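J.: Please find one structure pasted underneath; my questions will follow.
The values are calculated or read from the model by the stated rules, or taken from the named source; none is laboratory data. Quick caveat, the model's predicted, so the values are computed rather than measured. Here the Cβ positions follow ideal geometry from the backbone for every residue, glycine too, while neighbour counts run over all protein chains shown. Protein only, heavy atoms only, side chains kept; ligands, DNA and RNA dropped before computing areas. Shrake-Rupley method; radii C 1.70, N 1.55, O 1.52, S 1.80 Å.
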Amino acid sequence: MPWKKHSSREIYDNPWISVTEDHVSNPGGGENQYGVVHFKNVAVAIVPLDDAGNTWLVGQERYTLGQYSWELPMGGAPRDEQPIEAARRELKEETGLTASSWTELMRLHTSNSITDEQGIVYVATDLQEGAPDFDETEDIEIRKLPLGDAIAMAMRGEITDAISVAALLRLSVELKWRTSE
């Protein structure tokens with residue numbers, strides 16, 4: 001590891017994140033201050049996929065962006081919870097869906113220059129519909145649409161959430177590979 005941490009101090013802490021300022025030596029030998037955002041949960045996202053090739057997106061006003069955002073159902077898995085269990089919970093809460101079959105699609109880091117946030121994406125199939133159970137902070141619109149339409153939204157920039165875009169494009173590529181074999 002070419003980076004060397006000399007000291008670290010916590011700048012901010014809440015139940016979801018902590019921010020530290022680290023005094024480091026960089027790979028070129030110089031010294032820097034480096035801010036690190038540590039996420040206390042693992043991000044879990046779900047691509048629900050029915051037998052007809054439809055998926056579900058959730059839309060909501062995102063405070064941090066000051067704008068409306070379409071994205072995959074997702075949430076956080078506390079470090080003491082299995083990510084798949086959090087994915088099951090989040091899918092049910094945000095869409096009302098439950099799934100009998102789960103496959104891990106990918107793992108990713110959302111912005112590794114400033115944060116250690118890890119995301120895990122699952123594909124959920126064999127779906128059963130039910131009623132959503134939103135958290136107090138959620139005012140969610142649910143949209144069922146063909147997977148190809150969701151992928152097109154990502155390609156047109158109508159979906160900008162990094163995990164959602166990466167997952168939809170990855171699934172698009174995987175499905176094309178399977179059909180070309």
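J.: How long are the semi-axes of the equivalent ellipsoid of region 126-181, defined as square roots of 5 times the Cα gyration tensor eigenvalues? Whole Å, largest first.
T.: Computed over region 126-181, the values are 25, 16, 10 Å.
J.: Also, I was wondering about something else. Taking a threshold of 24 Å on the Cα-Cα distance, which of the pairs Lys40/Lys176; Lys144/Lys176; Lys5/Lys40 fall above it?
T.: Lys40/Lys176
J.: Name the residues whose placed amide hydrogens come within less than 5 Å of the amide hydrogen of Val47, ignoring near sequence neighbours (fewer than 5 apart) on the same chain.
T.: Tyr122, Val123, Ala124
J.: Restricting to DSSP loop positions (anything but H, G, I, E, B) with no more than 14 other Cβ atoms inside 10 Å of their own Cβ, which chymotrypsin sites (Phe, Trp or Tyr not before Pro) remain in region 1-99?
T.: Passing sites in region 1-99 are Trp3, Trp16, Tyr63.
J.: Still on this structure: Quick check for me: using +1 on Lys/Arg Cβ and -1 on Asp/Glu Cβ, what's the dipole size of the chain about its Cα centre, in debye to the nearest 20?
T.: Its charge dipole is roughly 720 debye.
J.: Of all DSSP beta bridges in region 42-129, what percent run antiparallel (nearest 5)?
T.: Counting only bridges with both partners in region 42-129, antiparallel ones make up about 75 percent.
J.: Ignoring ligands, DNA and RNA, please state the percent of accessible area on the chain from carbon and sulfur, probe 1.4 Å.
T.: On the chain, the fraction of accessible area on carbon and sulfur atoms equals 50 percent.
J.: Near Lys4, which aspartates and glutamates are there with a Cα under 12 Å away, not counting those fewer than 8 places off in the same chain?
T.: Cross-link targets: Asp22, Glu31.
J.: Using Rg/Rh (Cα atoms, Kirkwood Rh) as the read-out, say which of (i) 1.03; (ii) 1.00; (iii) 1.10 was calculated from these coordinates.
T.: Working out Rg/Rh (Cα atoms, Kirkwood Rh) from the coordinates points to (i).
J.: Oh, and also: For region 90-130, what does the convex hull of the Cα positions come to per residue, in cubic angstrom?
T.: About 64 Å³ per residue, rounded to a whole number.
J.: Evaluate E = 1/(1 + (r/R0)^6) for Lys5 and His109, where r is the Cβ-Cβ distance and R0 equals 25 Å; express this FRET efficiency to the nearest 0.05.
T.: Between Lys5 and His109 the formula returns 0.85.
J.: By how many degrees, between 0 and 90 and to the nearest 10, does the Cα long axis of helix 162-180 differ from the longest principal axis of the chain?
T.: Result, in degrees: 50.
J.: How much area per residue is accessible in the chain when the probe is 1.4 Å and only protein heavy atoms are counted (Å²)?
T.: Heavy-atom SASA per residue in the chain reads 57 Å².
J.: Could you put Lys40, Lys5, Lys144 in order of accessible surface area, largest first, with the 1.4 Å probe and the full protein assembly present?
T.: Order by accessible area, largest first: Lys5, Lys144, Lys40.
J.: Moving on to the next point. Taking the chain as a Gaussian network, Cα atoms linked when under 10 Å apart, which of Pro132, Pro83, Pro27 shows the biggest mean-square fluctuation?
T.: Largest GNM mean-square fluctuation: Pro27.
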